[in-house]
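K.L.:
This structure is in structure tokens; I'll ask about it shortly.
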Amino acid sequence: MIPLKTLGRMLRPGLIVAMAVLMTGCDWSLFDPKGHIAREELTLLITCTVLMLLVVIPVIIMTLVFAWKYRASNTSARYEPKWSHSTAIEVVVWSIPCMIVLVLAVLTWRSSHALDPYKPLESDKKAITIEAVSLDWKWLFIYPEENVAVVNELTFPVGAPLNFKLTSDTVMNAFFIPHLGSMVYSMAGMETKLHLIADEAGSFDGMSSHYSGAGFNKMHFKAHAVTDEQYQQWLAKVRAEGSVLDQASLTELGAQKNHDWFPVTYYASTQAGLFDAMIARHMGDNHHYGMKHDRSDAAANGVSHEGHDAGDTAPQAEHHSGEHAAAGHAGHSGSGE
């Protein structure tokens with residue numbers, strides 16, 4: 001019978017090769033930034049990791065060295081059973097970690113403000129506003145300035161700041177494009193914000209990074225960073241091939257609880273105020289941000305959250321415009337995004 005130690009030595013090279021082969025299929029998008037925010041976040045991640053390794057690596061090495069040097073069979077090692085204190089050792093083991101923690105604290109404080117997802121980005125190009133809505137289980141992107149909307153596809157010019165306004169028409173979700181940077185949650189009855197930018201052209205994977213139900217694994221999309229000319233061509237294509245996104249079509253879209261990936265769908269024009277109306281209808285009469293009324297309470301008050309038509313939602317969105325801004329601010333401070 002082969003001893004376990006010998007078997008382990010025999011299998012070790014094979015395991016290393018197998019791990020290397022498997023790792024070749026991994027998506028290293030976090031380590032392949034395509035925008036300013038993602039690049040700064042990668043720099044912060046590497047810097048913090050290296051600083052922490054300044055403690056971790058010496059500790060691992062000393063553990064192995066001490067275990068070998070002071071093993072029971074090594075009779076030449078110094079044996080001091082009554083030793084209890086060394087000022088030099090105390091200075092080293094406390095001062096170095098304290099300095100590293102101090103440096104990490106300064107780095108994270110500065111980067112937390114510099115990379116705040118609510119902070120607008122500066123650029124020579126005009127910023128593009130995109131209203132992102134998480135549905136079951138797909139993403140709806142409304143371009144209010146262009147008056148178009150798309151399901152499960154993002155297209156934007158290279159170098160243009162992207163001002164995302166996020167909400168959910170269902171459960172909480174998380175919007176994330178790893179190549180471009182920060183992840184931010186979308187929540188019903190609340191508006192969160194995210195600012196990103198792409199520094200080079202390409203197609204990047206976007207996803208929901210928060211479990212939200214049976215179709216969660218199909219809740220992904222492509223984000224295309226293109227030239228200005230290609231962006232205008234894409235807008236013309238959407239307007240030529242798309243239908244109209246109004247309250248009725250939005251309700252129909254949300255009712256489709258797709259478990260498979262929902263195909264890219266274009267909307268050539270959109271009804272004004274849909275994004276604000278979606279937020280308002282989840283706030284309820286008592287303005288509990290992000291909370292829905294119980295159906296029995298809603299019925300008692302003569303309110304139906306699923307029965308809003310275009311005539312109901314637009315005035316309600318206007319009425320709650322002040323609270324809507326407060327909800328966005330409260331969501332930012334409360335969630336720590």
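K.L.:
Of the residues in region 146-161, how many are aliphatic (A, V, I, L, M) and either farther than 17 Å from residue 220 by Cα or assigned to a loop (DSSP other than H, G, I, E, B) (or both)?
P.N.:
Adding up the residues that qualify gives 3.
K.L.:
Got at least one residue in region 62-81 being closer than 29 Å to residue 43 by Cβ and of a type in the set (Phe, Trp, Tyr)?
P.N.:
no
K.L.:
Suppose the filter is under 21 Å from residue 160 (Cα atoms) and either in the same structural domain as residue 269 (by TED's automatic domain parsing) or touching a His at 6+ places or on another chain (Cβ under 8 Å) (or both); does residue 237 pass it?
P.N.:
The answer is yes for residue 237.
K.L.:
Suppose we filter region 233-261 for residues that are closer than 30 Å to residue 201 by Cα, of a type outside the set (D, E, K, R) and in contact with a strand residue (DSSP E or B) (Cβ under 9 Å, 6 or more places away or on another chain); how many remain?
P.N.:
Within region 233-261, residues that are closer than 30 Å to residue 201 by Cα, of a type outside the set (D, E, K, R) and in contact with a strand residue (DSSP E or B) (Cβ under 9 Å, 6 or more places away or on another chain) number 10.
K.L.:
Condition first: surrounded by fewer than 22 Cβ atoms within 10 Å (Cβ to Cβ) and assigned to a loop (DSSP other than H, G, I, E, B). Now tell me which residues in region 188-222 satisfy that.
P.N.:
199, 200, 201, 209, 210, 211, 212, 213, 214, 215
K.L.:
Based on this model, can you work out whether residue 144 counts as surrounded by fewer than 19 Cβ atoms within 10 Å (Cβ to Cβ), modelled with pLDDT of 95 or more, of a type outside the set (D, E, K, R) and closer than 27 Å to residue 265 by Cα?
P.N.:
Considered against the rule, which asks whether it is surrounded by fewer than 19 Cβ atoms within 10 Å (Cβ to Cβ), modelled with pLDDT of 95 or more, of a type outside the set (D, E, K, R) and closer than 27 Å to residue 265 by Cα, residue 144 comes out as yes.
K.L.:
Just to be sure, is residue 266 in the same structural domain as residue 161 (by TED's automatic domain parsing), in contact with a Gly (Cβ under 7 Å, 6 or more places away or on another chain), within 22 Å of residue 166 (Cα to Cα) and at pLDDT 95 or above?
P.N.:
yes
K.L.:
Something else about it: How many residues does region 233-274 hold that are touching a Ser or Thr at 6+ places or on another chain (Cβ under 7 Å), closer than 16 Å to residue 146 by Cβ and assigned to a helix (DSSP H, G or I)?
P.N.:
The qualifying residues number 1.
The values are calculated or read from the model by the stated rules, or taken from the named source; none is laboratory data. Predicted model, so just to flag it, every value in this text is computed and none were measured. When we count neighbours, we look across all protein chains shown, and the Cβ atoms used for this are built from the backbone with ideal geometry, even at glycine.
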